[in-house]
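**Q** Before anything else, here's the structure in question.
The values are calculated or read from the model by the stated rules, or taken from the named source; none is laboratory data. Quantities reported herein were computed from a predicted structural model and do not represent experimental measurements. Using ideal geometry, Cβ is built from the backbone for each residue, glycine included, and neighbour counts are taken over all protein chains shown.
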Amino acid sequence: MTGSGKTKILHQLKSLGKQIIDLEDLAQHQGSSYGTLGKLIQPTQEQFENNLALALSALDKNQRTWVEDESLTIGKRSVPNPFWHQMRNAPVINIEVPLIERIRNLVVEYGKLDKEFLIESTQRIGKRLGPEQTRDAIIAIRENRMEDFIRLVLVYYDKTYQSGLTKRNKENVFSIELESANIAAKAERILDFTGTLTSLVKHSAE
């Protein structure tokens, strides 16, 4: 979910020797209406696909590769269909992080951004957020009440994320609660969890 620290966990997994593909880094966008977050201009679609192909070519096909569960489009760039379909058919680890921690993470991330950028980004999702929530979120931004702003937009993003999960094969979705705020501990917990799942699969096949 938004604010759960997925990207930091992904790179912590890399530091532990696991294979990753960071689509948001390759696309120079974090995937939401607020996704530019002061980053550089996105690469062209062709360059994005070339960068992804280069990253994929460096992987060991016999090892698991960790990828964030992105939508088909990341900003103005589209994930190539073959890789997208492979992602959609892969197991999903749904990490559940306490709401207050997610809000704190996003306050740190969004709080340093230009207010007009935040307002424009909020207006872009206004139809889906709803007129009252959009108005209240913009007022909160102007009054520098970042926690209130984050709470309002998280309602929309959480609904969107949950809706996406319902479209996945439920047998491929595995939820895990991560209560520790420590990124290293979260990564280790996920590895332990997936190791258990692998053992269960092997056991059931015997």
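**Q** Please work out which one of (1) assigned by TED's automatic domain parsing to the domain that holds LEU56; (2) farther than 30 Å from ASN50 by Cβ; (3) surrounded by 17 or more Cβ atoms within 10 Å (Cβ to Cβ) is the condition ASP69 fails and give its number.
**A** Condition not satisfied by ASP69: (2).
**Q** List the residue pairs whose Cβ atoms are under 8 Å apart, where the first residue sits in the stretch 71-98 and is farther than 20 Å from ILE190 by Cα, the second is charged (D, E, K, R), and the two are 6 or more positions apart or on different chains.
**A** Listed by first residue and then by second, the contacts come to ILE74/GLU24; VAL79/GLU70; PRO80/GLU49.
**Q** Looking at the stretch 8-40, which of the residues that are surrounded by 17 or more Cβ atoms within 10 Å (Cβ to Cβ) and within 16 Å of ILE103 (Cα to Cα) is modelled with the highest pLDDT?
**A** Out of the qualifying residues, it is TYR34.
**Q** Also, I was wondering about something else. Give the residues of the stretch 121-147 that are in contact (Cβ under 8 Å) with a residue 24 or more places away in the chain and part of a helix (DSSP H, G or I), sorted by residue number.
**A** SER121, THR122, ARG124, ARG128, LEU129, ILE141, ARG142, MET146, GLU147 - these are the residues of the stretch 121-147 that are in contact (Cβ under 8 Å) with a residue 24 or more places away in the chain and part of a helix (DSSP H, G or I).
**Q** So which residues in the stretch 72-97 are under 20 Å from PHE48 (Cβ atoms) and not in a loop (DSSP other than H, G, I, E, B), if there are any at all?
**A** Of everything in the stretch 72-97, those that are under 20 Å from PHE48 (Cβ atoms) and not in a loop (DSSP other than H, G, I, E, B) turn out to be THR73, ILE74, ARG77, SER78, ASN81, PRO82, PHE83, TRP84, HIS85, GLN86, MET87, ARG88.
**Q** I'm trying to understand the selection: among the residues of the stretch 45-66, which are surrounded by fewer than 12 Cβ atoms within 10 Å (Cβ to Cβ), assigned to a loop (DSSP other than H, G, I, E, B) and of a type in the set (A, V, I, L, M, F, W, C)?
**A** Selection gives ALA58 alone.
**Q** Please determine, by comparing only the residues of the stretch 90-123 that are among the charged types (D, E, K, R), farther than 11 Å from ILE150 by Cα and within 19 Å of the chain's Cα centre (by Cα), which one is surrounded by the most Cβ atoms within 10 Å (Cβ to Cβ).
**A** GLU101
**Q** Test LEU118 against the stated conditions and say whether it is farther than 18 Å from ASP69 by Cβ, outside any helix (DSSP H, G or I) and in contact (Cβ under 8 Å) with a residue 24 or more places away in the chain.
**A** Considered against the rule, which asks whether it is farther than 18 Å from ASP69 by Cβ, outside any helix (DSSP H, G or I) and in contact (Cβ under 8 Å) with a residue 24 or more places away in the chain, LEU118 comes out as no.
**Q** Do you know which of the residues in the stretch 161-188 that are of a type in the set (A, V, I, L, M) and under 18 Å from the mean Cα position of the chain (by Cα) is surrounded by the most Cβ atoms within 10 Å (Cβ to Cβ)?
**A** ALA187
**Q** Could you please tell me which pairs satisfy a Cβ distance under 7 Å, a separation of 6+ or placement on different chains, a first residue in the stretch 44-68 that is over 9 Å from GLN19 (Cβ atoms), and a second residue that is of a type in the set (Lys, Arg) and surrounded by 15 or more Cβ atoms within 10 Å (Cβ to Cβ)?
**A** GLN45/ARG77; PHE48/ARG77; GLU68/LYS6
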